[in-house]
Amino acid sequence: EDQVTQSPEALRLQEGESSSLNCSYTVSGLRGLFWYRQDPGKGPEFLFTLYSAGEEKEKERLKATLTKKESFLHITAPKPEDSATYLCAVQLYSGGGADGLTFGKGTHLIIQP
Amino acid sequence: DVKVTQSSRYLVKRTGEKVFLECVQDMDHENMFWYRQDPGLGLRLIYFSYDVKMKEKGDIPEGYSVSREKKERFSLILESASTNQTSMYLCASRGQKFTEAFFGQGTRLTVV
């Protein structure tokens, strides 16, 4: 069973058409939720970290929010250069060691001019 | 600026070869990770290391080993490459626990 589910899998928008990407998680003991952007053939690029329900972070046209069960990445008036795959990841509390992040499968976003 | 550098962007190896993927970070981070990324499966953790000479298995360690002799360098080793190890390999590093990880540019490995 997936612990991190992203929806939709793919999204095509017109330039300027705002929308939201969803990341829902079924784990307990969340210690951080992370958003990344990934361009084709490249490594993920860090965008935001969220630690507690109600927290919000903003950067240019992107805004990330967190509730107890999900996170949203809101994209306002997107431009073609915002086209990428957006990845969500969670950090669980394990009590020791340096655990890796658990990733969702991503949302492939295309912004058409 | 944060920098994680993987030694190769593209590699082609033959089945049965021993393959080394190298990763170097310049941020003095304690924690380093190796993931592989496959279409439809997302990123999956292979191994991680929280200190020099320390390592922990991730979700899919079979067929892989790692080495961390120096803090800045984390190597992934494919003991005997197989075609099902064809994938994009991503290295990441992180400072304190529960903070963000930074990724390298990835190595696209093809095993023929």
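Listing for the model above:
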{"quantity": "Residue list for the range A:10-25, restricted to those being open to solvent by less than 20 Å² (accessible area, probe 1.4 Å) and either of a type in the set (Ser, Thr, Tyr) or within 10 Å of chain B (Cβ to nearest Cβ) (or both)", "calculated": "A:Tyr25"}
{"quantity": "Index of the failed condition, B:Thr99 passing every other in (1) assigned to a strand (DSSP E or B); (2) open to solvent by less than 40 Å² (accessible area, probe 1.4 Å); (3) facing chain A (nearest Cβ under 10 Å)", "calculated": "(1)"}
{"quantity": "Checklist (1) more than 14 Å from chain B (Cβ to nearest Cβ); (2) touching a strand residue (DSSP E or B) at 6+ places or on another chain (Cβ under 8 Å); (3) open to solvent by 30 Å² or more (accessible area, probe 1.4 Å) applied to A:Ser28, failing item", "calculated": "(2)"}
{"quantity": "Residue among B:Arg108, B:Arg68, B:Arg73 that is basic (Lys, Arg), within 11 Å of chain A (Cβ to nearest Cβ) and either surrounded by 17 or more Cβ atoms within 10 Å (Cβ to Cβ) or in contact (Cβ under 8 Å) with a residue 12 or more places away in the chain (or both)", "calculated": "B:Arg108"}
{"quantity": "Only listed residue being in a strand (DSSP E or B) and open to solvent by 60 Å² or more (accessible area, probe 1.4 Å), chosen from A:Lys42, A:Lys105, A:Lys63", "calculated": "A:Lys63"}
{"quantity": "Residues within the range B:45-62 that are more than 20 Å from B:Ser7 (Cβ to Cβ) and not aliphatic (A, V, I, L, M), tallied", "calculated": "9"}
{"quantity": "Residues located in the range B:8-54, provided they are in a loop (DSSP other than H, G, I, E, B) and under 14 Å from B:Leu78 (Cβ atoms)", "calculated": "B:Ser8, B:Arg14, B:Thr15, B:Gly16, B:Glu17, B:Lys18"}
{"quantity": "Residues of the range B:27-50 satisfying the condition of being touching a strand residue (DSSP E or B) at 6+ places or on another chain (Cβ under 8 Å) and among the charged types (D, E, K, R)", "calculated": "B:Glu30, B:Arg36, B:Asp38, B:Arg44"}
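Yes/no per residue for (1) in contact with a helix residue (DSSP H, G or I) (Cβ under 7 Å, 6 or more places away or on another chain); (2) touching a residue at least 40 places away in the same chain (Cβ under 8 Å); (3) open to solvent by less than 10 Å² (accessible area, probe 1.4 Å):
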site	(1), (2), (3)
B:Val4	no, yes, no
B:Ser8	no, yes, no
B:Val12	no, yes, no
B:His29	no, yes, no
B:Pro39	no, no, no
B:Asp51	no, no, no
B:Glu56	no, no, no
B:Ala81	no, yes, yes
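The values are calculated or read from the model by the stated rules, or taken from the named source; none is laboratory data. Everything numeric in this text was worked out from a predicted model, so none of it was measured. Heads up, the Cβs are rebuilt from the backbone with ideal geometry, glycines too, and the neighbour counts pull from every protein chain shown. Just the protein is used for accessible areas: all its heavy atoms, side chains included, with ligands, DNA and RNA removed. Shrake-Rupley method; radii C 1.70, N 1.55, O 1.52, S 1.80 Å.
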